[in-house]
Amino acid sequence: MIVNTCGFIDAAKEESIAAILDAVTAAHARGARVAAVGCLVERYRGELAAELPEVDLWAGLDWGPLVGALAAEARTTPAAGDRSGVEARATKSAARARTGADAAGSSAARRVRPVHAYVKLSDGCDRRCAYCAIPLIKGVYAAVPPTEILREAEAALGCGARELVLVGQDTSRWEWPGWGGLARLLAELEALGPVWIRLLYLQPDGVDEALLETLAAHAVPYVDLPLQHAARGVLQRMGRAGDGEAYLRLLAAIRRALPGAAVRSTFMVGFPGETEADVDELVDFIVEARPAVAGVFTFDPQEGTPAASMAGQVPAAVAEDRAARVTAAIDDAAAGYWDGLIGRELDVLVEQGTRRPDGEAVGRLAVQAPDVDGRTLLTGRRLRRGRLVRARVVARLGYDVAATTAD
Ligand code: SF4
């Protein structure tokens, strides 16, 4: 079992450790072994290895030891085929784990392979947001070469994925010297035949007209724009560009280029020095910005980051109250977006199908990202996993919608 860990914030660290412990129990009960990999391991390998000796293999961001172990494992249980086939299977297993397709994640239960695949465009980040530990873990920005991105995408589609979700800490800046940028990359990915391409984590100052044209031509109408705040002073202390007014202008440009687009965002409250007036400004901004969905985090000081030792730390209880207020504003604003879809006929990608002729299934609209957004509860005919069906949205259920196939 491979547990891919996260070391970004305390909640993620705790969840990763809980997942490792679950995996150890489940794997060892059936004679299997556990590898813990990823960011948390990269950052705290020494402490983790001392505390959790029952884990069989530790690998941070270097996947070499994991690939080696998988290859050795495959050699001891060879299926039909030669040794190079065994190596290829081991490498493919590691690649699937890296893109999240097979990772144990937070559950040790057997899961159906998803119809989407994450494909990494880059790793690391040259920005230095004052609260963020990612550059400390991942290092400076490094683009993945286009040949590798295209190869990963092709492999994922070959394994049954229908949607490519492109990720990285700073996706909008992807380009490869002498090859081109996102316009060419998305066109080439589209030619591989996915039904949808989705680009996540667009930093607001990286979104320009050219990028919006590229999204309009090749991607779903979905813009994932981590804004974090609207009060200029808070954003400046965070080390981030812009303010509420600039962000509203950007959102207007996004909606001109991508009519009906869902805008997803994340906001952070309780950053050192944040005042009640700053939170009022953020709530007013959310009312005008009308995100379709947004996450709210309370500031979580991470060792080694400048914000951890800034003056004006906000008590946890105050930050929680602010988060509740901002969440309520988001829920109100978002309801308008989803209510606006009721009565419309839209494409739905079936994620969990049914073989019954008139059954119930679960899918997603193009404006719902996998894993983080709501889902579409489908009723109707021919709802096989991986199919793209036309369905009429009939109701909103919180952040989910209900839809019925049109034919
Ligand atoms: S842009 Fe994202 S990954 Fe980079 S430092 Fe800021 S929050 Fe961290």
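We did not get these values from a lab; they are worked out from the coordinates using the rules stated. Note that the structure is predicted; figures quoted are calculated from it, not measured. Cβ coordinates were reconstructed from backbone atoms using ideal geometry, including for glycine residues, and neighbour counts include every protein chain displayed.
Compute the distance from the alpha-carbon center of segment 201-226 to that of segment 263-326, in whole Å.
24 Å
For Val296, what residues show an amide H to amide H distance below 5 Å, using hydrogens built from the backbone and excluding near sequence neighbours?
Counting only residues 5 or more places away or on other chains, the set is Phe267.
Report, by chain and number, residues whose modeled amide H sits under 5 Å from the one on Leu166, excluding near sequence neighbours (fewer than 5 apart, same chain).
Excluding prolines and chain starts, which carry no amide H, the hits are Val119, Arg198, Leu199, Leu200.
Report for the chain the percent antiparallel among DSSP-assigned beta bridges with both residues inside it, nearest 5.
Details: 25 of 55 bridges.
Around 45 percent of the beta bridges assigned by DSSP in the chain are antiparallel ones.
Can you tell me, using C-alpha contacts under 8 Å and at least 6 residues apart, the relative contact order of segment 116-339 as a whole percent?
Working: 390 pairs, mean separation 40.6, N = 224.
Answer for segment 116-339 is 18 percent.
Taking 0.36 nm per residue of separation and subtracting the Cα-Cα distance, what length does fully extending Asp62 through Ala142 add? Numbers along the way, then the final one.
Values: separation 80, 0.36 × 80 = 28.80 nm, distance 1.45 nm.
The Asp62-Ala142 span can extend by a further 27.3 nm.
Once label points are set 7 Å from the Cα along Cα→Cβ at both Thr275 and Arg33, what is their separation, rounded to one decimal in nm?
5.9 nm
Would you kindly enumerate the cysteines in the chain that have no other Cys beta-carbon under 4.7 Å from their beta-carbon?
Taking the Cβ cut-off of 4.7 Å, the unpaired cysteines of the chain are Cys6, Cys39, Cys125, Cys159.
Within the chain, which DSSP H helices have Cα atoms that stretch 24 Å or more along the helix axis and a mean Kyte-Doolittle hydropathy of at least -1.0? Walk me through the intermediate numbers first.
On the way: long enough: 10-29 (29 Å, 0.44); 316-339 (34 Å, 0.05).
Helices meeting the span and hydropathy rule in the chain are 10-29, 316-339.
Would you please put 165-175, 354-364 in order of how densely packed they are, using the mean number of other Cβ atoms within 10 angstrom per residue and starting with the highest? Walk me through the intermediate numbers first.
Working: 165-175: 21.1, 354-364: 16.1.
Packing order, densest peptide first, comes out as 165-175, 354-364.
Rounded to the nearest 0.05, what FRET efficiency do Ile342 and Arg290 have when you use their Cβ-Cβ distance and R0 = 22 Å?
Working: r = 16 Å, r/R0 = 0.74.
That pair, Ile342 with Arg290, gives E of 0.85.
Quick one: work out the % antiparallel among DSSP beta bridges in segment 116-339, nearest 5.
Approximately 15 percent, going by the DSSP bridge assignments.
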